[in-house]
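Student: Just passing along the structure, written as structure tokens.
The values are calculated or read from the model by the stated rules, or taken from the named source; none is laboratory data. What you are looking at is a predicted structure, and each value in this text was computed from that prediction instead of being measured. Counting neighbours? That spans all protein chains shown, and the Cβs are built from the backbone with ideal geometry, glycine included. Heavy atoms of the whole protein, side chains included, go into the accessibility calculation; ligands, DNA and RNA do not. Shrake-Rupley method; radii C 1.70, N 1.55, O 1.52, S 1.80 Å.
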Amino acid sequence: MSESALKEKIDPARLPSHVAIIMDGNGRWAMQKGHLRMLGHQYGVQAVRNVTEAAAELGVKYVTLYAFSTENWRRPQEEINALMALLVDTIQSETDTLMKNGIRLEAIGNLAQLPTACNKQLQETVEVTKDNDRMTLILALSYSGRWDIIEATRKIARQVKEGLLQPDEIDENVLNSALNTSRYPNPELLIRTSGEQRISNFLLWEIAYAEMHFTPVLWPDFSKDDFYQAILDFQQRDRRFGLTAEQLHS
Ligand code: IPE
Ligand code: IPE
Ligand code: MG
């Protein structure tokens, strides 16, 4: 089926407003071809372009990409350095395209842990693209769901200590607004590539009611069609939020 044929099947009135993606399988993609893992990360950049373009064209408002987890700091230093260098280069070289396409870049995670050059380039592009409003592309960098929940808990504890908040006033809204993701709606669709079916400490709180789409496709091979397929899969789900099917469809 051609790209447009799949795209045409998508109901524009029932798009997820936020899609989160665990971009996995770069290393395996490279190894299968007899290359070093790093080549997989380099080719993964094209998949990021595919998804960003496809999502913006469809009218998805937020895309969050899991680019580097808290746990990924335990990888070989050589791979970490190469990934950080790739990040700087990519953010820099893609800034023009982000501007052309009206895309705002934002980041979540423990950004202070990133190498200075990386953090600087990130801040620069975030600043340059901040008034774009067609779509927001959020990079999760040095991020994990548990890290964010712990950070949020600390913030709330400080507010309680200072007498700004009563323990009984802590509810979903209070926790939501203390998270790195407070500015975004919760993702309705979570995609993970490479055949793994786990969350790996991604948006733990935020995906409470997200639909999951797992695909065996390795990230560097992820195409616009694969993205459309994930959206179509999402649109076939019955999202019940604890209610009965009869309640929902009456
Ligand atoms: C995902 O690909 C990218 C990052 C985690 C940075 P991997 O590097 O995890 O690829 P595999 O899972 O080893 O194939
Ligand atoms: C998850 O992938 C993190 C990112 C995609 C950035 P990993 O490859 O690190 O996850 P595990 O180790 O297979 O769970
Ligand atoms: Mg992996």
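Student: Sort out which residues of region 70-83 are within 13 Å of ligand 2 (Cβ to nearest atom) and either in a helix (DSSP H, G or I) or in contact with a Phe, Trp or Tyr (Cβ under 8 Å, 6 or more places away or on another chain) (or both), and write them in order of number.
Tutor: Within region 70-83, 70, 71, 72, 73, 74, 79, 80, 83 qualify.
Student: Please go through region 2-30 and pick out each residue that is more than 16 Å from ligand 2 (Cβ to nearest atom) and crowded, with 21+ Cβ neighbours inside 10 Å.
Tutor: Of everything in region 2-30, those that are more than 16 Å from ligand 2 (Cβ to nearest atom) and crowded, with 21+ Cβ neighbours inside 10 Å turn out to be 16, 18.
Student: Looking only at region 188-238, count how many residues are in a strand (DSSP E or B) and either within 16 Å of ligand 3 (Cβ to nearest atom) or in contact with a His (Cβ under 9 Å, 6 or more places away or on another chain) (or both).
Tutor: Residues in region 188-238 being in a strand (DSSP E or B) and either within 16 Å of ligand 3 (Cβ to nearest atom) or in contact with a His (Cβ under 9 Å, 6 or more places away or on another chain) (or both): 5 in total.
Student: Also, I was wondering about something else. Please go through region 196-215 and give me each residue that is open to solvent by less than 40 Å² (accessible area, probe 1.4 Å), in contact with a strand residue (DSSP E or B) (Cβ under 7 Å, 6 or more places away or on another chain) and not polar (S, T, N, Q), ordered by number.
Tutor: Those that are open to solvent by less than 40 Å² (accessible area, probe 1.4 Å), in contact with a strand residue (DSSP E or B) (Cβ under 7 Å, 6 or more places away or on another chain) and not polar (S, T, N, Q): 202, 203, 207, 210, 211, 213.
Student: Could you check region 186-200 and list, in sequence order, the residues that are free of Cβ contacts under 8 Å to residues at least 60 places away in the same chain and either at positive phi or more than 8 Å from ligand 2 (Cβ to nearest atom) (or both)? Let's see the steps before the verdict.
Tutor: To start, the set of residues in region 186-200 that are free of Cβ contacts under 8 Å to residues at least 60 places away in the same chain comprises 197-198.
197 - this is the single residue of region 186-200 that is free of Cβ contacts under 8 Å to residues at least 60 places away in the same chain and either at positive phi or more than 8 Å from ligand 2 (Cβ to nearest atom) (or both).
Student: Still on this structure, please answer the following. Out of the residues in region 168-182 that are small (Gly, Ala, Ser) and part of a helix (DSSP H, G or I), which is nearest to residue 151 (Cα to Cα)?
Tutor: Among those residues, the one meeting the criterion is 178.
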